[in-house]
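Structure first, commentary second.
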Amino acid sequence: MSSENNYKYMLSAIKKAEENFMSGNGGPFGAVVVRDGEIIAEAGNCVTSTNDPTAHAEVVAIREACKKLGTFDLSGCEIYASCEPCPMCLSAVMWARIGKLFYAANKADASLAGFDDELFYTELALPADQRKLKPIQLLQEEAVKVFDKWNDKMDKVPY
């Protein structure tokens, strides 16, 4: 894909970010999913308008692209984000198997605008028992039995 097209798609993501907060839908973030030179989905952050803390622009765009394409595997797609993705969004991009990620503003720029993801990056780098939110494991044996049944299931859809 030409760099001219990359700039075009990134400008679409940035425009979506501005339109999004100006319309009151949420924060100043936008994302565009592209496949074979065609925009498949575009979205803005709608955390505040939907009361959904996972409704970041990248996640919403991935959900829309999956719905439109009828698949959970977005291999062959690219995503353009108006800002460097937070850890949740980066994980969503990876789970969706998106092949290329482009972003405009970085996490330091976002921090200056009041969106500081540094806590999440710092916490995730720590061993689980050293994080502020310390996970508590319960009923491992029972949960593993479910995985065993999954492994034995002949008609499962792996992902």
* Structure fact -> Restricted to pairs 8 or more residues apart or on different chains, the lysines in the chain with C-alpha atoms under 27 Å apart form a number of pairs equal to 23
* Top mean-square fluctuation among TYR103, TYR121, TYR80, Gaussian network model of the chain, C-alpha springs under 10 Å? -> TYR121
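With every protein chain left in place, what is the accessible area per residue of the stretch 70-159 in square angstrom, probe 1.4 Å?
With all protein chains present, the stretch 70-159 gives 74 Å² per residue.
Rounded to the nearest 500, what is the chain's calculated 222 nm mean residue ellipticity when only DSSP H runs of at least 4 contribute -39500 (n - 2.57) each, over all residues? Don't skip to the end; give the middle numbers.
Values: 7 runs with 73 residues, N = 159.
Result for the chain, helices only: -13500 deg cm²/dmol.
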* Asked: Looking at the square roots a ≥ b ≥ c of the eigenvalues of the Cα gyration tensor of the chain, which shape do they give, rounded for a/c under 1.5, prolate if a/b is larger than b/c, or oblate?
  -> oblate
* Separation of the stretch 117-134 and the stretch 1-68 by C-alpha centroid, Å? -> 28 Å
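Taking the Cα centre of the stretch 1-141 as origin, work out the dipole magnitude from +1 charges on Lys and Arg Cβ and -1 charges on Asp and Glu Cβ, in debye rounded to 20.
So the dipole magnitude of the stretch 1-141 works out to roughly 180 debye.
Report the gain in length on full extension from ASP152 to ASP36: 0.36 nm times residue separation, minus Cα-Cα distance, nm rounded to one decimal.
Numbers: separation 116, 0.36 × 116 = 41.76 nm, distance 3.71 nm.
Length difference between fully extended and current span is 38.0 nm.
Residue separation times 0.36 nm, minus the C-alpha to C-alpha distance between LEU126 and THR50: what's the value?
Numbers: separation 76, 0.36 × 76 = 27.36 nm, distance 3.12 nm.
Taking LEU126 through THR50 to full extension adds about 24.2 nm, to one decimal.
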* State the percentage of accessible surface on the chain attributable to carbon and sulfur atoms; use a 1.4 Å probe and exclude ligands, DNA and RNA. => 58 percent
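The values are calculated or read from the model by the stated rules, or taken from the named source; none is laboratory data. Since the structure is predicted, the reported quantities are computational estimates derived from the model, not experimental observations. Every residue, glycine as well, gets a Cβ built from its backbone with ideal geometry; the counts of neighbours run over all protein chains shown. Please note that ligands, DNA and RNA were not included when accessible areas were found on the heavy atoms of the full protein model with its side chains. Shrake-Rupley method; radii C 1.70, N 1.55, O 1.52, S 1.80 Å.
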